[in-house]
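Here's a structure for you.
The values are calculated or read from the model by the stated rules, or taken from the named source; none is laboratory data. Every value quoted in this text rests on a predicted model; they were computed, and no experiment measured them. Note: ideal-geometry Cβ built from the backbone for every residue, glycine included; neighbour counts use all protein chains shown.
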Amino acid sequence: MDSPFVPDFPQIRNDGIMSTRYTKEFRDRAVRLLAESRENYASETKALQRVAKDLGVAAESLRRWQGQADASGSAGPQESSELRKLRKENAELRRANGILSSASAFFASRLDPTRR
């Protein structure tokens, strides 16, 4: 029985570059593991690099798999609702940040006599 975390045998392409094909189950599990690991790292890049290293794959491969999974909408219904909630919260925070930046500039100009 093939393990989903064991890649197929490496193949050498016509251009002489070694190519490893991973099963769909392996790629799906890798993307799922990345999603579950994000909260443990300071940035998404750090999480991606660590998960890729742990799985023995190139970070760029994992990044590409993640992009393909996002594009195909393979996120489950729970992830989709969470994503919508986070996007809404992000938009609200950006608006609040814009308001605070404007207010800060307004009050700074009132306090600094050289800016009048």
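Which residues, counting only those in the stretch 16-28, are part of a helix (DSSP H, G or I) and surrounded by 13 or more Cβ atoms within 10 Å (Cβ to Cβ)? Steps first, please.
To start, the set of residues in the stretch 16-28 that are part of a helix (DSSP H, G or I) comprises 24-28.
Scanning the stretch 16-28 gives Phe26, Arg27, Asp28.
Right, something else. Within the stretch 29-59, restricting attention to residues that are among the small types (Gly, Ala, Ser) and either at positive phi or not in a helix (DSSP H, G or I) (or both), which residue is surrounded by the fewest Cβ atoms within 10 Å (Cβ to Cβ)?
Step one: of the stretch 29-59, the residues among the small types (Gly, Ala, Ser) are 30, 35, 37, 42-43, 47, 52, 56, 58-59.
Imposing the further condition that a residue be either at positive phi or not in a helix (DSSP H, G or I) (or both) reduces the set to 42-43, 56, 58.
Values: Ala42: 7, Ser43: 9, Gly56: 10, Ala58: 12.
That would be Ala42.
Here's something else I'd like to know. Any idea which of (1) modelled with pLDDT of 90 or more; (2) in a loop (DSSP other than H, G, I, E, B) is the one Leu62 doesn't satisfy?
Leu62 satisfies every listed condition except (2).
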